[in-house]
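> Take this structure, written in structure tokens, and hold onto it; I'll ask about it next.
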Amino acid sequence: MQIGIERQTTPRSQTRRDPHSQDHPRTISEPVVASTIKTSHGVKLGVVGLATFSPGAHGEVREAVEHVLRQGARGIVFDLRSNGGGLVEEAQ
């Protein structure tokens, strides 16, 4: 069982083209780093998602991890499911 307690996203976002818009191209903004706290079996876990390895992403991930730890997370889940890749320097 997972229950969301808090969600925090960084103000910087990535922009991508909407694949469903053919007549009037538009963009969709997504947060680069998003974090939330979930409770599983009575244990608070910080979930930090990274959408792309973009310039400065390592610092945003660090801030997100520190934030969820300050909120009482006892473990971290690093979610890369929607990550499309990016700069090798940021991934290292």
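> Confirm whether residue 61 is of a type in the set (A, V, I, L, M, F, W, C), closer than 17 Å to residue 31 by Cβ and either within 10 Å of the chain's Cα centre (by Cα) or surrounded by fewer than 14 Cβ atoms within 10 Å (Cβ to Cβ) (or both). Break it down stepwise before answering.
Details: of a type in the set (A, V, I, L, M, F, W, C): yes; closer than 17 Å to residue 31 by Cβ: yes; either within 10 Å of the chain's Cα centre (by Cα) or surrounded by fewer than 14 Cβ atoms within 10 Å (Cβ to Cβ) (or both): yes.
Yes.
> Taking residue 86 as the residue in question, decide whether it is at pLDDT 60 or above, loosely packed, with under 14 Cβ neighbours inside 10 Å and over 11 Å from the mean Cα position of the chain (by Cα).
no
> If I ask for residues that are without any contact (Cβ under 8 Å) to a residue 12 or more places away in the chain and closer than 22 Å to residue 85 by Cα, which ones from region 36-69 would you list?
Result: 59, 62.
> Kindly indicate the residue of region 30-58 that is aliphatic (A, V, I, L, M) and more than 21 Å from residue 91 (Cα to Cα) and also farthest from the chain's Cα centre (by Cα) among those meeting that condition.
43
> Where in region 1-68 are there strands (runs of 3 or more DSSP E), lying wholly inside it, with at least 1 residues that are among the charged types (D, E, K, R) and at pLDDT below 90?
Passing ranges, in order: 2-9, 13-17, 27-31.
The values are calculated or read from the model by the stated rules, or taken from the named source; none is laboratory data. These figures come from a predicted structure and were not determined experimentally. Note that each Cβ is placed from the backbone with ideal geometry, even for glycine, and that neighbours are counted across all protein chains shown.
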